[in-house]
Amino acid sequence: MIEYIVKIKNREGLHTRPAAMLVKITSKFKSDIFLSRGGFSVNAKSIIGVMTLAAEHNSELTVRLEGDDEAIALIEVLEFFESGFAA
Amino acid sequence: MLANLQTITQDRITVASVINSPLLRLPLRQVNPAVALERYITDKSLHRPQLALAGYVGLFTYHRVQVFGNTEVNYLNSLAAKKRREAFRTIVQFEIPCIILTNNHKFDPELIQIASDHGIPIFVTPYETTRTMYVLAEFLDTQFAEQTVVHASFVDVYGIGIMFTGKSGIGKSEIALDLVERGHRLVADDVILLTKKRDDVLIGTGTKLVEHFIEVRGLGLIDVRQMFGVRAIRFQKRLEIVVELEQWDPNTQYNRTGLDPENIEVLGVPLAYIKLPILPGKNITVIAEVIALNYLLRLYGYDAAQVFAERLDAEIKRKSAAAAGLSSGERMFPHFHNDFE
């Protein structure tokens, strides 16, 4: 199990399109991936779950990954957050 | 899936947030409005400070809301003015969040002044003590309730709250949609907020942002309320059954008789639990309806598995009593004479 804190760099926050991009990335992996904010944790493979966080610019989220491919998954998730959803 | 849930609880709320809450159905008027309402309530229980007023403060739960009913008020009134002030001072020296007077009791202005000096707000309600305590305890129970978020679909099926869990992509949302199509009511999909009430009840709701939107793979987001109307949704429902969906695994033992119903604990509340393997040609929606109906039957006292087991026992007993068994000419399947259809 790995936990990592990520920050939202995009000015518009984690809005619908980046949420969809994130879900596409996380769904590729077998690991269970969760995002949490303020104690509430959602499944990072669920678009509705990710959107529920309504994460705004500069807010911090905790990514939790659990499974065989958690390390590779973390790298891709981090790249995504680092890019500021520019992809 | 439902183990190690992250829970959220408030450990304190201000007196102001209680008093100003539109959900509190208790008429209250502050007797000393000059006193600020910034003290914290840290306990959902209430306290009647009878013994504390009489002088015993050994186990005085001063951090609770203090309710003054007939006993407390009449006791204070029975004392001489000086004794009365002393008795009241014994309790206000503690960090009491607030005092509530029931039955529209009038309080000695001197005592009100003492409370104000100690920064303790006093409220008065026309409700009698029992009703006050009942309403307030219910409200505080909700305020201090444990909450958690789970990734699942939650549907009211024939009045029974069924929550479907399972890995992402196994088809939870599709089952919810199918159940809605068959006339059942969607509570929420993907993000379910569970709130524990009264130690043994879990209430499931959706989030304000999502409400009754669901995602169907390949289609995208769908608003069930707009599409199917208000009869297809509800905002909250008690959770009674957890159905875990999983790919059929030949090495897993699935329940075959239903004689030993399984339970699962969620936030410490025991719930009926069914592990359901997904197989081609298996209609989970219909099975979900049957799960709800079977649960209802059991609730009303008819346990199909039990009835069947008793039937079998009776038959075995009858046969061993007859000793001769099948040799008596009796057949295993009844044969209807003269029925040639």
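The values are calculated or read from the model by the stated rules, or taken from the named source; none is laboratory data. Just so it is clear, the structure is predicted and the values come from calculations on it, not from any experiment. Cβ sites come from the backbone with ideal geometry, for glycine too, and all protein chains shown count toward neighbours. Areas reflect the complete protein model, heavy atoms only, side chains present, ligands, DNA and RNA absent. Shrake-Rupley method; radii C 1.70, N 1.55, O 1.52, S 1.80 Å.
Data for the structure
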| read-out | value |
| --- | --- |
| Percent accessible area from carbon and sulfur atoms, the protein assembly as shown, protein chains only, probe 1.4 Å | 52 |
| Whole-number accessible area per residue in Å² for the protein assembly as shown, which is evaluated in the context of all protein chains at 1.4 Å | 55 |
| Size of the A/B contact, given as accessible area buried on both chains, probe 1.4 Å, in Å² | 1400 |
| Only Lys, Arg (+1) and Asp, Glu (-1) charged, at Cβ; the protein assembly as shown dipole about Cα centre in debye | 1280 |
| Equivalent-ellipsoid semi-axes of the protein assembly as shown, from the Cα gyration tensor, Å, largest first | 52, 36, 19 |
| Whole-Hz couplings from phi, Karplus 6.51/-1.76/1.60, listed for region B:150-155; x for Gly and Pro | 10, 8, 6, 10, 10, 10 |
| Calculated [θ] (222 nm, deg cm²/dmol) that DSSP helices of n ≥ 4 give over chain B, each run adding -39,500 (n - 2.57) | -9000 deg cm²/dmol |
| Minimum 10 Å² accessible area buried by the other protein chains, region B:201-223 residues, probe 1.4 Å, relative to alone | B:Thr207, B:Leu209, B:Val210, B:Glu215, B:Arg217, B:Leu221 |
| Shape box of region A:35-87 [Cα atoms, principal axes, largest first, Å] | 28, 24, 17 |
| Sparse-neighbourhood loop sites, trypsin sites (Lys or Arg not before Pro) in region B:236-341 - DSSP loop, at most 12 other Cβ within 10 angstrom | B:Arg256, B:Lys282, B:Arg331 |
| Overall Cα dimensions of region B:147-299 - principal axes, largest extent first, Å | 41, 41, 26 |
| Tilt relative to chain B, helix B:304-322 - C-alpha long axis, 0 to 90 degrees, to 10 | 50 |
| Number of partner chain Cβ atoms within 10 Å, mean per residue of A:33-43 | 4 |
| log₁₀ of I(q)/I(0) at q = 0.10, 0.12, 0.17 Å⁻¹ - region B:110-232, Debye sum with one point per alpha carbon | -0.48, -0.59, -0.88 |
| Rounded if a/c under 1.5, otherwise prolate or oblate - region B:31-77, Cα gyration tensor axes | oblate |
| 10 Å Cβ shell holding at most 12 others, DSSP loop, chymotrypsin sites (Phe, Trp or Tyr not before Pro): longest site-free stretch of chain B | B:57-234 |
| Kirkwood hydrodynamic radius of region B:1-125, from inverse mean 1/r over distinct Cα pairs, in Å | 15.4 |
| Reachable aspartates and glutamates, given that their alpha-carbon falls under 14 Å from the alpha-carbon of B:Lys282 and they are not under 8 places away in the same chain | B:Glu174, B:Asp178, B:Glu246 |
| Percent of Cα pairs exceeding the 23 Å cut-off, where the set is region A:1-83 | 8 |
| Helix axis angle, A:16-27 relative to chain A longest principal axis, alpha carbon, degrees | 10 |
| Anisotropy class of chain B from Cα gyration tensor, a/c 1.5 cut | prolate |
| Rounded tilt (10° steps) of B:129-143 against the dominant C-alpha axis of chain B | 60 |
| In region B:73-120, the trypsin sites (Lys or Arg not before Pro) that fall in loop regions by DSSP, at most 12 other Cβ within 10 Å | B:Lys106 |
| In region B:119-173, GluC sites (Glu not before Pro) in a DSSP loop with at most 14 other beta-carbon atoms within 10 Å | B:Glu128 |
| Charge-dipole axis of region B:147-299 as Lys and Arg at +1 and Asp and Glu at -1 on Cβ define it, positive-most pick from B:Val155, B:Asn294, B:Gly229 | B:Gly229 |
